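What follows is a single structure, written as structure tokens, with notes after it.
The numbers here are math on the coordinates, done by the rules we state, and not lab data. In this text the structure is predicted, and so the values were computed from the model without any measurement. As a convention, Cβ positions derive from the backbone with ideal geometry for all residues, glycine included, and neighbour counts pool all protein chains shown.
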Amino acid sequence: MNTFYKTAIALMIAALPVTVLAGGWPVKKGNYLVSVTASYFRASQLWDKGGKLGGYDQGGYFESRSLSLYGEYGITRRLTGVVSLPYIINEFKQQDLPAATSQGLGDMEFGVRYYLTNINFKYYFAVQGMAIAPLYSNNSLGFSSGGAEVRAIGSGSGKIGSKNYYMNLEVGGRQYFQNAGPFQVRYTGAFGLNFDKHNQVALGVSGNYSTSINKTLDENLVLNKDFSYTQGSFSYAYIVNPKLSFFAGVNQFLVGRSTGKGTTFSLSVITKF
């Protein structure tokens, strides 16, 4: 179960490199889970407000690199503390102008996850509440707004023939507190299969439906508040032992509105102690 849980975290991190999500399995009281993820995203195409795909003008692009730290601590048998913190480097190039680069700490997220119940210790259900605190003043790194999120989580594991599998589903609502919001509905799903005790692959889908009174479409993707997208993801895990795993993932934006079409590559290491 620990292996499935760490894989769920890694795949969700890969799917959403700035925002770290987790699965429904509990962390034991007094135990820590820590992960570090490096990710790279680049978009040279852009969906307009109607979902029509076009290119950036004259070789423009949006690029984002991040190094994210994620941690959990088992407070009680049912309650887990959760925190995440990314360092972000965003680069935006428009027409013949020099590329503009912004870097710094992003949105710190912290909160708790409460485990509601389980079915035969195979399927776990939880709710999670998070606060969002921006650690920057430059809106090229994010919305520069505090916020809050509530999320419902369900996770399970079992066997297909002789192979172990896991699955994870999450859906949540997020509100940023500034006047133009936005309000977001975020969702993720993942399915992973173990080929043996060291090798695992996983497929996932995730998305974000963001609404705001600010309907402006900007080629600098960080500035957009009213948008939506769905992306697919694939990850491979090498499990050294139950306490240490390495992950590589790739995510492709499939459909969208007022956002960029691009690919994210990520590498993660997860340890538990």
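Under a Cβ-only charge scheme (Lys and Arg +1, Asp and Glu -1), can you give me the dipole magnitude of the range 64-120 about the Cα centre, in debye to the nearest 20? List each step's numbers first, then the result.
Values: 5 positive and 5 negative charges, 68 e Å.
In debye, rounded to 20, the range 64-120 gives about 320.
Rounded to the nearest 500, what is the chain's calculated 222 nm mean residue ellipticity when only DSSP H runs of at least 4 contribute -39500 (n - 2.57) each, over all residues? Walk me through the intermediate numbers first.
Values: 1 runs with 14 residues, N = 273.
It lands at -1500 deg cm²/dmol.
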Inset, instruction - Any of Lys122/Lys261; Lys49/Lys93; Lys197/Lys225; Lys197/Lys261; Lys29/Lys225 with alpha carbons more than 31 Å apart? Name them for me. - result: Lys122/Lys261; Lys197/Lys225; Lys197/Lys261; Lys29/Lys225
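Any idea what the relative contact order of the chain is, in percent, if you count C-alpha pairs under 8 Å spaced at least 6 apart?
Details: 825 pairs, mean separation 55.3, N = 273.
Across the chain, relative contact order equals 20 percent.
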Inset, instruction - May I ask for the angle, rounded to the nearest 10°, between helix 2-15 and the longest principal axis of the chain, with both axes built from Cα atoms and the value confined to 0 to 90°? - result: 10
Legend entry - Only Lys, Arg (+1) and Asp, Glu (-1) charged, at Cβ; the chain dipole about Cα centre in debye: 1120
Inset, instruction - Within the range 143-165, find all residues whose amide N lies under 20 Å from a label point positioned 7 Å from the Cα of Asn199 along Cα-to-beta-carbon. - result: 159-165
